[in-house]
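Colleague: Pasting a structure here, questions to come.
The values are calculated or read from the model by the stated rules, or taken from the named source; none is laboratory data. Source: prediction; values computed, not measured. Here the Cβ is made from the backbone with ideal geometry for all residues, glycine too, and neighbour counts use every protein chain on show. We work out accessible area using only protein heavy atoms, side chains counted, and drop any ligands, DNA or RNA first. Shrake-Rupley method; radii C 1.70, N 1.55, O 1.52, S 1.80 Å.
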Amino acid sequence: MNQAEATTPRYDYTAPRLVDYDGDLSKEWFFIYYIWHLEKGEKVRKRVSVSGATAALRYTNAKRDMKEIERLLRAGATVGKVKVPKAPAKLDATLTSIPEGILFAMSKKKTRIRGTTMENYDSFHRIFSAWLENREYTHLKLKDLNADLVFEFFDYLKEVRQIANKTYNNYHTNFSALMTVLVKRNVLPENPCDCIEKLKVSSSGHTPYSGVQMKTIKQELLSQGDHQMLLFISFCYYTAGRPHTEITTLRVSHLWEKTILITGDNAKNHKAEHVIIPAPLEELLQQYKIRENPPSWFIFGKDGKPGPERVGQNLFYKKQRRLLNKLGLTYGAYDVYGFKHTAVIDLYNAGVDIKDIQRHCRHSSITQTDKYLRDLGLIKNDELAAKYPRF
């Protein structure tokens, strides 16, 4: 048994298998795979459609998606949820196990954070607990949670699971935040994560769209009659908001006369702030009569229109993937987050003052906005370009 097999939680699965009907493009291609369901205690079947106007494009898309899914299955991916053990009422560093200590810290953070953050903590808890179990470290107590153990865990993440730097840093953030709770309550003398340095990450991981691509996307959505997706993209573009934690959580009551309220519960910096409603977005709000719905309703409801239930968390990402496949935009890092980058580029090229861009993006400082612009390749210095000497 190799190291990965010894340390990675193993769940039974069946690798993806492509159904291509011998290359017949008149039929819908798909691939199927089986993944372990935690609640049912057995494998369940999953079916994923394959898009593409040509056979070559479909094979390319299928190969890419099947490879990613098989990687996740090998890493121990599952579906369903298991009941999380109840956090202990109090801690004793010499008696309390490490997983119990993490649960305790999670319970203290629960009332002050967003749901998505709690999901991240829960994911970290399950992965770290499984690692401890597979390394036969279940006998360890909170007093044993030191720098050496933390280094060993993060080495496993990078060397065995081979996670990306951004994911590595997310684990670090979650781990450190929970350990801070224990330090503040005098359970631990110091944060054992302080010894771990975050890794460098490419600042711009989302490819912006060109003007032609934006028009093509709009025309395609109109031809499909998918007005909810078009409105969602418009909100991403005109508000420069974050797709899931900010845009899809908006309610009708958040629409003011001239601004949109981004609540502290959903904002990245946990601060309630307003963003202006540009004229084109206001036209869409009136066209779809959004303000005429009950104030408590979500703007992006479950039934394709405003409603009492919020749209599914991954619906727009799935729709965007199918749309990009159909339009042949399968290169680069195109996704729904790219619409925010596109908006900032368009504002900058239109001559909007950097201070106004800072306010619209809700950046904490001009320095942050300047870095954001440079990461997008937006560096304007016409005088330098014209006067640069020849060699």
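Colleague: Scan (1) at pLDDT below 90; (2) of a type in the set (D, E, K, R); (3) part of a strand (DSSP E or B) for the single condition Glu39 breaks and write down its number.
Modeller: It fails just one condition, (3).
Colleague: Scanning for something at pLDDT 90 or above, over 24 Å from the mean Cα position of the chain (by Cα), farther than 25 Å from Phe124 by Cα and of a type outside the set (Phe, Trp, Tyr), does the stretch 61-71 turn up at least one residue?
Modeller: Checked the stretch 61-71: no residue is at pLDDT 90 or above, over 24 Å from the mean Cα position of the chain (by Cα), farther than 25 Å from Phe124 by Cα and of a type outside the set (Phe, Trp, Tyr).
Colleague: With Lys319, Lys326, Lys387 as the choices, which residue is open to solvent by 60 Å² or more (accessible area, probe 1.4 Å), under 30 Å from Ala62 (Cα atoms) and not acidic (Asp, Glu)? Break it down stepwise before answering.
Modeller: Numbers: Lys319 fails: open to solvent by 60 Å² or more (accessible area, probe 1.4 Å); Lys387 fails: under 30 Å from Ala62 (Cα atoms).
The conditions single out Lys326.
Colleague: Those residues that are assigned to a loop (DSSP other than H, G, I, E, B) and under 16 Å from Leu157 (Cβ atoms), I need them from the stretch 174-198; list them, please. Even if it seems obvious, please write down each step before you answer.
Modeller: If we filter the stretch 174-198 for residues that are assigned to a loop (DSSP other than H, G, I, E, B), which is where we start, we get 185-191, 196-198.
Residues satisfying the conditions are Ile196, Glu197, Lys198.
Colleague: Yes or no: Lys326 over 21 Å from Met214 (Cα atoms), at pLDDT 85 or above and either among the aromatic types (Phe, Trp, Tyr) or in a helix (DSSP H, G or I) (or both)?
Modeller: In short, no.
Colleague: Which of (1) part of a helix (DSSP H, G or I); (2) open to solvent by 30 Å² or more (accessible area, probe 1.4 Å); (3) in contact (Cβ under 8 Å) with a residue 60 or more places away in the chain is the odd one out, the single condition Thr207 does not satisfy?
Modeller: Among (1) part of a helix (DSSP H, G or I); (2) open to solvent by 30 Å² or more (accessible area, probe 1.4 Å); (3) in contact (Cβ under 8 Å) with a residue 60 or more places away in the chain, Thr207 violates only (1).
Colleague: Name the pairs: first residue in the stretch 164-186 and in contact (Cβ under 8 Å) with a residue 60 or more places away in the chain, second residue surrounded by fewer than 16 Cβ atoms within 10 Å (Cβ to Cβ), Cβ to Cβ under 6 Å, at least 6 apart or on different chains?
Modeller: Listed by first residue and then by second, the contacts come to Val181/Lys108.
Colleague: Among the numbered criteria (1) in contact (Cβ under 8 Å) with a residue 60 or more places away in the chain; (2) buried (at least 17 other Cβ atoms within 10 Å of the Cβ); (3) farther than 20 Å from Leu261 by Cβ, which single criterion is violated by Ala343?
Modeller: The number of the failed condition is (3).
Colleague: Since Thr111 meets every condition but one in (1) of a type in the set (Val, Ile, Thr); (2) in contact (Cβ under 8 Å) with a residue 24 or more places away in the chain; (3) assigned to a helix (DSSP H, G or I), which condition does it not meet?
Modeller: (2)
Colleague: Quick check on the stretch 132-173: of everything there that is part of a loop (DSSP other than H, G, I, E, B) and of a type in the set (S, T, N, Q), which residue is least open to solvent (accessible area, probe 1.4 Å)?
Modeller: Our first condition is that a residue be part of a loop (DSSP other than H, G, I, E, B); within the stretch 132-173, this holds for 135-140, 145-146, 160-164.
In the following step, the residues that additionally are of a type in the set (S, T, N, Q) were identified as 138, 146, 162.
Values: Thr138: 93, Asn146: 68, Gln162: 137 Å².
Per the criteria, the residue is Asn146.
Colleague: Could you please let me know if Thr14 is among the hydroxyl-bearing types (Ser, Thr, Tyr), over 30 Å from Asn186 (Cβ atoms), at pLDDT below 90 and within 28 Å of the chain's Cα centre (by Cα)?
Modeller: Numbers: among the hydroxyl-bearing types (Ser, Thr, Tyr): yes; over 30 Å from Asn186 (Cβ atoms): yes; at pLDDT below 90: no; within 28 Å of the chain's Cα centre (by Cα): yes.
Here the answer is no, as Thr14 does not meet what is asked.
Colleague: Still on this model: Can you say whether Phe104 is open to solvent by less than 70 Å² (accessible area, probe 1.4 Å), out of contact with any Asp or Glu (no Cβ under 7 Å at 6 or more places or on another chain) and not in a strand (DSSP E or B), as far as the supplied structure shows?
Modeller: Working: open to solvent by less than 70 Å² (accessible area, probe 1.4 Å): yes; out of contact with any Asp or Glu (no Cβ under 7 Å at 6 or more places or on another chain): yes; not in a strand (DSSP E or B): yes.
Yes: the conditions hold for Phe104.
Colleague: Is it the case that Lys200 is under 23 Å from the mean Cα position of the chain (by Cα) and surrounded by fewer than 13 Cβ atoms within 10 Å (Cβ to Cβ)? If you could, list the steps in order and put the result at the bottom.
Modeller: On the way: under 23 Å from the mean Cα position of the chain (by Cα): yes; surrounded by fewer than 13 Cβ atoms within 10 Å (Cβ to Cβ): yes.
For Lys200, the condition - under 23 Å from the mean Cα position of the chain (by Cα) and surrounded by fewer than 13 Cβ atoms within 10 Å (Cβ to Cβ) - is met.
Colleague: Given the conditions (1) in a helix (DSSP H, G or I); (2) modelled with pLDDT of 90 or more; (3) over 15 Å from Pro243 (Cα atoms), and given that Phe339 satisfies all but one, which numbered condition is not satisfied?
Modeller: Going through (1) in a helix (DSSP H, G or I); (2) modelled with pLDDT of 90 or more; (3) over 15 Å from Pro243 (Cα atoms) one by one, Phe339 breaks only (3).
Colleague: Does the stretch 238-249 include one or more residues that are closer than 28 Å to Val275 by Cα, open to solvent by less than 70 Å² (accessible area, probe 1.4 Å) and of a type in the set (A, V, I, L, M, F, W, C)? It would help to see each step written out before you state the result.
Modeller: The initial filter retains those residues of the stretch 238-249 that are closer than 28 Å to Val275 by Cα, namely 238-249.
Subset that is open to solvent by less than 70 Å² (accessible area, probe 1.4 Å): 238-249.
Remaining after also requiring of a type in the set (A, V, I, L, M, F, W, C): 240, 247.
Within the stretch 238-249 (the criterion being closer than 28 Å to Val275 by Cα, open to solvent by less than 70 Å² (accessible area, probe 1.4 Å) and of a type in the set (A, V, I, L, M, F, W, C)), the answer is yes, since at least one residue qualifies.
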